[in-house]
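Before any comments, here is the structure.
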Amino acid sequence: MAEEAWNLFISFFANPTARGIGIALIFGAIWLAAFAPPLRRLKLRIPLHIASIVSVFITSAILTTAAIAFIQYPLQTWANQAVTHFFGIEAFHGYSMLAALIPYILLTGLVQEGAKLLAPLVYFRLRRPQDTRTALAIGAIAGAGFGIFEAQWVLNSVFTMGWNWSWVEAFGFQAIFGFWERFFAIAFHTAATAIVAYGLFTGRGWQFYLLAAFLHALLNYGAVLWQVQLLTPLQLEIYITVVALAVAVAALWLRWRPQKE
(Lines give C-alpha, C1' and ligand atoms only; values in the text may rest on other atoms or scores of the structure.)
Protein backbone atom coordinates (compact mmCIF):
# COMPACT_ATOMS: atom_id res chain seq x y z
CA MET A 1 0.00 0.00 0.00
CA ALA A 2 2.90 2.36 0.72
CA GLU A 3 4.08 2.12 -2.88
CA GLU A 4 0.57 2.71 -4.21
CA ALA A 5 0.19 5.77 -1.96
CA TRP A 6 3.52 7.16 -3.15
CA ASN A 7 2.56 6.59 -6.80
CA LEU A 8 -0.71 8.42 -6.19
CA PHE A 9 1.18 11.36 -4.65
CA ILE A 10 3.69 11.72 -7.49
CA SER A 11 0.93 11.36 -10.10
CA PHE A 12 -0.15 14.91 -9.20
CA PHE A 13 3.18 16.10 -10.60
CA ALA A 14 3.21 13.88 -13.70
CA ASN A 15 2.74 14.97 -17.31
CA PRO A 16 2.65 18.74 -16.76
CA THR A 17 1.31 20.76 -19.68
CA ALA A 18 1.32 24.51 -20.14
CA ARG A 19 -2.34 24.46 -21.13
CA GLY A 20 -3.44 22.39 -18.14
CA ILE A 21 -1.53 24.51 -15.63
CA GLY A 22 -2.51 27.77 -17.32
CA ILE A 23 -6.23 27.01 -17.40
CA ALA A 24 -6.18 25.85 -13.77
CA LEU A 25 -4.50 29.10 -12.73
CA ILE A 26 -7.03 31.18 -14.67
CA PHE A 27 -9.95 29.34 -13.09
CA GLY A 28 -8.45 29.88 -9.64
CA ALA A 29 -7.75 33.55 -10.28
CA ILE A 30 -11.39 34.13 -11.22
CA TRP A 31 -12.69 32.74 -7.94
CA LEU A 32 -10.01 34.36 -5.82
CA ALA A 33 -10.79 37.73 -7.38
CA ALA A 34 -14.37 37.34 -6.17
CA PHE A 35 -13.08 37.33 -2.59
CA ALA A 36 -10.92 40.43 -3.15
CA PRO A 37 -8.52 39.80 -0.24
CA PRO A 38 -8.25 43.03 1.83
CA LEU A 39 -4.46 43.12 1.69
CA ARG A 40 -4.21 46.59 3.12
CA ARG A 41 -5.64 45.38 6.45
CA LEU A 42 -2.88 42.88 7.12
CA LYS A 43 -0.46 45.64 8.07
CA LEU A 44 2.51 43.84 6.55
CA ARG A 45 5.20 45.00 4.23
CA ILE A 46 4.35 44.10 0.65
CA PRO A 47 7.19 41.54 0.20
CA LEU A 48 6.35 39.89 3.51
CA HIS A 49 2.67 39.86 2.68
CA ILE A 50 3.29 38.24 -0.70
CA ALA A 51 5.52 35.64 0.94
CA SER A 52 2.78 34.85 3.47
CA ILE A 53 0.12 34.46 0.79
CA VAL A 54 2.33 32.28 -1.40
CA SER A 55 3.24 30.14 1.61
CA VAL A 56 -0.42 29.53 2.47
CA PHE A 57 -1.20 28.79 -1.18
CA ILE A 58 1.64 26.31 -1.75
CA THR A 59 1.51 24.69 1.68
CA SER A 60 -2.19 23.96 1.33
CA ALA A 61 -1.67 22.39 -2.10
CA ILE A 62 1.18 20.13 -1.02
CA LEU A 63 -0.22 19.13 2.39
CA THR A 64 -3.64 18.28 0.99
CA THR A 65 -2.14 16.24 -1.82
CA ALA A 66 0.02 14.37 0.70
CA ALA A 67 -3.02 13.82 2.94
CA ILE A 68 -4.94 12.32 0.02
CA ALA A 69 -2.14 9.89 -0.80
CA PHE A 70 -0.92 8.93 2.66
CA ILE A 71 -4.03 9.32 4.85
CA GLN A 72 -7.19 9.34 2.74
CA TYR A 73 -6.17 6.52 0.37
CA PRO A 74 -5.20 4.03 3.12
CA LEU A 75 -8.26 4.87 5.23
CA GLN A 76 -10.59 4.44 2.27
CA THR A 77 -8.93 1.15 1.36
CA TRP A 78 -9.43 -0.16 4.90
CA ALA A 79 -13.01 1.13 5.00
CA ASN A 80 -13.85 -0.69 1.79
CA GLN A 81 -12.17 -3.84 3.09
CA ALA A 82 -14.27 -3.62 6.24
CA VAL A 83 -17.49 -3.24 4.24
CA THR A 84 -16.49 -6.19 2.05
CA HIS A 85 -15.67 -8.29 5.11
CA PHE A 86 -19.01 -7.68 6.82
CA PHE A 87 -21.36 -7.40 3.83
CA GLY A 88 -19.53 -9.12 0.99
CA ILE A 89 -18.48 -7.86 -2.42
CA GLU A 90 -22.17 -7.61 -3.34
CA ALA A 91 -22.31 -4.42 -1.27
CA PHE A 92 -20.53 -2.64 -4.12
CA HIS A 93 -22.97 -3.73 -6.82
CA GLY A 94 -26.15 -1.98 -7.88
CA TYR A 95 -28.03 0.25 -5.50
CA SER A 96 -26.19 -1.26 -2.53
CA MET A 97 -23.34 1.07 -3.48
CA LEU A 98 -25.42 4.01 -2.29
CA ALA A 99 -24.81 2.86 1.30
CA ALA A 100 -21.55 0.93 0.91
CA LEU A 101 -19.61 3.94 -0.37
CA ILE A 102 -20.80 6.39 2.29
CA PRO A 103 -17.72 5.79 4.54
CA TYR A 104 -15.48 6.17 1.48
CA ILE A 105 -17.09 9.49 0.54
CA LEU A 106 -17.16 10.83 4.10
CA LEU A 107 -13.43 10.18 4.53
CA THR A 108 -12.75 12.29 1.44
CA GLY A 109 -14.41 15.32 3.01
CA LEU A 110 -12.95 14.83 6.47
CA VAL A 111 -9.36 14.39 5.27
CA GLN A 112 -9.26 17.04 2.55
CA GLU A 113 -11.05 19.77 4.46
CA GLY A 114 -8.83 19.13 7.47
CA ALA A 115 -5.66 19.23 5.38
CA LYS A 116 -6.68 22.44 3.61
CA LEU A 117 -7.25 24.11 6.97
CA LEU A 118 -3.73 23.47 8.30
CA ALA A 119 -2.08 26.39 6.48
CA PRO A 120 -4.70 28.96 7.62
CA LEU A 121 -4.52 27.54 11.15
CA VAL A 122 -0.76 28.14 11.30
CA TYR A 123 -1.21 31.59 9.76
CA PHE A 124 -3.82 32.51 12.36
CA ARG A 125 -1.50 31.38 15.15
CA LEU A 126 1.36 33.48 13.86
CA ARG A 127 -0.65 36.56 12.91
CA ARG A 128 -4.31 36.78 13.82
CA PRO A 129 -6.36 38.42 11.04
CA GLN A 130 -7.84 41.83 11.68
CA ASP A 131 -11.41 40.87 10.73
CA THR A 132 -13.59 38.13 9.26
CA ARG A 133 -13.01 39.35 5.70
CA THR A 134 -9.28 38.82 6.03
CA ALA A 135 -9.90 35.39 7.59
CA LEU A 136 -12.17 34.46 4.68
CA ALA A 137 -9.54 35.64 2.21
CA ILE A 138 -6.80 33.54 3.82
CA GLY A 139 -9.08 30.51 3.76
CA ALA A 140 -9.97 31.17 0.13
CA ILE A 141 -6.28 31.32 -0.81
CA ALA A 142 -5.63 28.00 0.94
CA GLY A 143 -8.63 26.36 -0.71
CA ALA A 144 -7.71 27.70 -4.13
CA GLY A 145 -4.17 26.44 -3.66
CA PHE A 146 -5.30 22.84 -3.58
CA GLY A 147 -8.18 23.38 -6.01
CA ILE A 148 -5.80 24.70 -8.65
CA PHE A 149 -3.25 21.97 -8.01
CA GLU A 150 -5.93 19.28 -8.32
CA ALA A 151 -7.31 20.93 -11.45
CA GLN A 152 -3.95 20.99 -13.23
CA TRP A 153 -3.59 17.27 -12.39
CA VAL A 154 -6.94 16.49 -14.03
CA LEU A 155 -6.51 18.85 -16.98
CA ASN A 156 -2.99 17.63 -17.69
CA SER A 157 -4.46 14.14 -18.02
CA VAL A 158 -7.10 15.48 -20.41
CA PHE A 159 -4.51 17.10 -22.66
CA THR A 160 -2.18 14.10 -22.42
CA MET A 161 -5.02 11.98 -23.86
CA GLY A 162 -4.93 14.26 -26.90
CA TRP A 163 -7.85 16.60 -26.25
CA ASN A 164 -8.35 19.27 -28.94
CA TRP A 165 -11.20 21.25 -30.46
CA SER A 166 -12.11 18.39 -32.77
CA TRP A 167 -13.44 16.63 -29.66
CA VAL A 168 -15.99 19.43 -29.26
CA GLU A 169 -17.12 18.94 -32.86
CA ALA A 170 -17.43 15.19 -32.29
CA PHE A 171 -18.94 15.07 -28.79
CA GLY A 172 -20.43 18.52 -28.28
CA PHE A 173 -20.80 19.84 -24.74
CA GLN A 174 -19.62 16.55 -23.23
CA ALA A 175 -16.13 17.28 -24.58
CA ILE A 176 -15.73 20.16 -22.12
CA PHE A 177 -17.19 18.41 -19.06
CA GLY A 178 -13.70 18.08 -17.56
CA PHE A 179 -13.08 21.83 -17.81
CA TRP A 180 -16.55 22.73 -16.58
CA GLU A 181 -16.22 20.41 -13.59
CA ARG A 182 -12.77 21.73 -12.61
CA PHE A 183 -13.98 25.33 -12.76
CA PHE A 184 -16.68 24.61 -10.19
CA ALA A 185 -14.50 22.21 -8.18
CA ILE A 186 -12.05 25.09 -7.66
CA ALA A 187 -15.01 27.25 -6.63
CA PHE A 188 -15.99 24.66 -4.04
CA HIS A 189 -12.48 24.21 -2.61
CA THR A 190 -11.98 27.97 -2.44
CA ALA A 191 -15.33 28.69 -0.79
CA ALA A 192 -15.38 25.70 1.58
CA THR A 193 -11.99 26.52 3.11
CA ALA A 194 -12.95 30.20 3.30
CA ILE A 195 -16.04 29.24 5.32
CA VAL A 196 -14.02 27.01 7.67
CA ALA A 197 -11.47 29.83 8.14
CA TYR A 198 -14.37 32.12 9.01
CA GLY A 199 -15.50 29.59 11.60
CA LEU A 200 -11.97 29.32 12.97
CA PHE A 201 -11.76 33.11 13.32
CA THR A 202 -15.12 33.31 15.10
CA GLY A 203 -14.32 30.48 17.53
CA ARG A 204 -16.43 27.82 15.82
CA GLY A 205 -13.72 26.06 13.85
CA TRP A 206 -14.70 22.44 14.41
CA GLN A 207 -18.38 23.07 13.67
CA PHE A 208 -17.57 24.74 10.35
CA TYR A 209 -14.98 22.06 9.58
CA LEU A 210 -17.60 19.32 9.97
CA LEU A 211 -20.02 21.35 7.84
CA ALA A 212 -17.42 21.71 5.07
CA ALA A 213 -16.54 18.01 5.29
CA PHE A 214 -20.23 17.09 4.93
CA LEU A 215 -20.65 19.44 1.95
CA HIS A 216 -17.53 17.96 0.38
CA ALA A 217 -18.98 14.48 0.81
CA LEU A 218 -22.27 15.68 -0.65
CA LEU A 219 -20.45 17.03 -3.69
CA ASN A 220 -18.57 13.77 -4.25
CA TYR A 221 -21.66 11.66 -3.68
CA GLY A 222 -22.81 12.74 -7.10
CA ALA A 223 -20.25 10.32 -8.54
CA VAL A 224 -21.94 7.46 -6.66
CA LEU A 225 -25.34 8.50 -8.01
CA TRP A 226 -23.83 8.48 -11.49
CA GLN A 227 -22.30 5.02 -11.00
CA VAL A 228 -25.68 3.52 -10.13
CA GLN A 229 -27.16 5.40 -13.12
CA LEU A 230 -29.41 7.67 -11.11
CA LEU A 231 -27.69 10.61 -12.82
CA THR A 232 -26.62 10.99 -16.43
CA PRO A 233 -23.21 12.58 -17.15
CA LEU A 234 -24.93 15.91 -17.86
CA GLN A 235 -27.03 15.67 -14.70
CA LEU A 236 -23.88 14.90 -12.71
CA GLU A 237 -22.25 18.10 -13.97
CA ILE A 238 -25.39 20.05 -13.07
CA TYR A 239 -25.35 18.45 -9.60
CA ILE A 240 -21.71 19.46 -9.07
CA THR A 241 -22.42 22.97 -10.32
CA VAL A 242 -25.41 23.48 -8.02
CA VAL A 243 -23.61 22.24 -4.89
CA ALA A 244 -20.43 24.22 -5.65
CA LEU A 245 -22.35 27.40 -6.43
CA ALA A 246 -24.42 27.11 -3.25
CA VAL A 247 -21.25 26.91 -1.14
CA ALA A 248 -19.58 29.70 -3.14
CA VAL A 249 -22.60 32.01 -2.73
CA ALA A 250 -22.63 31.39 1.02
CA ALA A 251 -18.92 32.17 1.33
CA LEU A 252 -19.19 35.28 -0.82
CA TRP A 253 -22.16 36.49 1.20
CA LEU A 254 -20.02 36.23 4.33
CA ARG A 255 -17.24 38.07 2.50
CA TRP A 256 -19.29 40.97 1.13
CA ARG A 257 -22.01 41.51 3.73
CA PRO A 258 -21.80 44.84 5.54
CA GLN A 259 -19.65 44.70 8.65
CA LYS A 260 -19.06 47.04 11.51
CA GLU A 261 -15.53 48.37 11.63
task: Would you please name the residue that is surrounded by the fewest Cβ atoms within 10 Å (Cβ to Cβ), looking only at residues in region 154-164 that are at pLDDT below 95 and of a type in the set (A, V, I, L, M, F, W, C)?
output: MET161
field: Positions within region 87-104 being surrounded by fewer than 20 Cβ atoms within 10 Å (Cβ to Cβ) and either within 15 Å of TYR221 (Cα to Cα) or touching a residue at least 24 places away in the same chain (Cβ under 8 Å) (or both), in sequence order
entry: PHE92, GLY94, TYR95, SER96, MET97, LEU98, ALA99, ILE102, PRO103
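Select from region 155-207 the residues that are polar (S, T, N, Q) and more than 19 Å from ALA250 (Cβ to Cβ) and list them in ascending order.
ASN156, SER157, THR160, ASN164, SER166, GLN174
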query: Any idea which of GLU169, GLU181, GLU150 is touching a Phe, Trp or Tyr at 6+ places or on another chain (Cβ under 9 Å) and among the acidic types (Asp, Glu)?
result: GLU150
task: From (1) in contact with a Gly (Cβ under 7 Å, 6 or more places away or on another chain); (2) not in a helix (DSSP H, G or I), pick out the condition that doesn't hold for GLN229.
output: (1)
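Scan ALA115, ALA66 and give me the residue that is crowded, with 17+ Cβ neighbours inside 10 Å, at negative phi, at pLDDT 90 or above and in contact with a helix residue (DSSP H, G or I) (Cβ under 7 Å, 6 or more places away or on another chain).
ALA115
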task: Please determine, by comparing only the residues of region 38-63 that are small (Gly, Ala, Ser) and over 15 Å from the mean Cα position of the chain (by Cα), which one is modelled with the highest pLDDT.
output: SER55
- prompt: Going through region 119-132 one residue at a time, which ones are under 10 Å from PHE201 (Cβ atoms) and assigned to a helix (DSSP H, G or I)?
  reply: PRO120, PHE124, THR132
- prompt: Looking at region 214-240, which of the residues that are surrounded by 17 or more Cβ atoms within 10 Å (Cβ to Cβ) and of a type in the set (Val, Ile, Thr) is nearest to LEU98 (Cα to Cα)?
  reply: VAL224
- prompt: Does SER11 satisfy being within 26 Å of GLY145 (Cα to Cα), hydroxyl-bearing (Ser, Thr, Tyr), out of contact with any helix residue (DSSP H, G or I) (no Cβ under 6 Å at 6 or more places or on another chain) and at pLDDT below 85?
  reply: no
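Within region 192-213, track down each residue that is within 16 Å of ARG182 (Cβ to Cβ) and surrounded by fewer than 21 Cβ atoms within 10 Å (Cβ to Cβ).
Step one: filter region 192-213 for residues within 16 Å of ARG182 (Cβ to Cβ), giving 192.
If the condition is that a residue be within 16 Å of ARG182 (Cβ to Cβ) and surrounded by fewer than 21 Cβ atoms within 10 Å (Cβ to Cβ), then no residue fits.
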Filter result for ALA151 (in contact with a Leu (Cβ under 6 Å, 6 or more places away or on another chain) and crowded, with 22+ Cβ neighbours inside 10 Å): no
statement: Result of the Cβ filter at 9 Å on region 174-201, keeping first residues that are over 29 Å from PHE124 (Cβ atoms) and free of Cβ contacts under 8 Å to residues at least 40 places away in the same chain and partners that are surrounded by 22 or more Cβ atoms within 10 Å (Cβ to Cβ) and not acidic (Asp, Glu), at least 6 apart or interchain, is GLY178/LEU155
- request: Kindly provide the set of residues from region 161-183 that are part of a helix (DSSP H, G or I), farther than 25 Å from VAL243 by Cα and of a type outside the set (Phe, Trp, Tyr), ordered by number.
  value: SER166, VAL168, GLU169, ALA170
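The values are calculated or read from the model by the stated rules, or taken from the named source; none is laboratory data. Please read these numbers as outputs of a predicted model, since none were measured by experiment. Here Cβ is always computed from backbone atoms with ideal geometry, including for glycine, and neighbour counts include all displayed protein chains.
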